[in-house]
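First the structure, in the form of structure tokens, and then the observations on it.
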């Protein structure tokens, strides 16, 4: 870890749980989880924050996207599509 960790707010945790995506979130590499949380937290407007949350959820659901880029988990990784 070279970057400081971004804390997960309770509402983000609740949303991941409600959407059934916590496992997929936890399967992502540390840097991705940390980037998502920091990116969401830096939102200045509520609608931007909501848009970023939805993007994270959609990408976790898809399983092969990270910040609108193609992402492929390493072989043997628990990440799934």
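Quick note: the coordinates plus some simple rules give every number you see, no bench work behind them. Because the structure is a prediction, the values reported are computed rather than measured. Note that each Cβ is placed from the backbone with ideal geometry, even for glycine, and that neighbours are counted across all protein chains shown.
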### Query
Helix 46-62 sits at what angle to the longest principal axis of the chain, using alpha carbons and giving 0 to 90 degrees rounded to 10?
10
### Task
Would you order 47, 35 from fewest to most other beta-carbon atoms within 10 Å of each residue's own beta-carbon?
47, 35
### Message
So if I average 1/r over every pair of distinct C-alpha atoms in the chain and take the inverse, what Kirkwood radius in Å does that give?
### Response
13.0
### Förster radius 22 Å - calculated FRET efficiency between residue 17 and residue 43, Cβ distance, rounded to 0.05
0.60
## Note on the structure
From DSSP H assignment alone, runs of 4+ in the chain each adding -39500 (n - 2.57), the sum over residues rounded to the nearest 500 puts [θ] at 222 nm at -16500 deg cm²/dmol
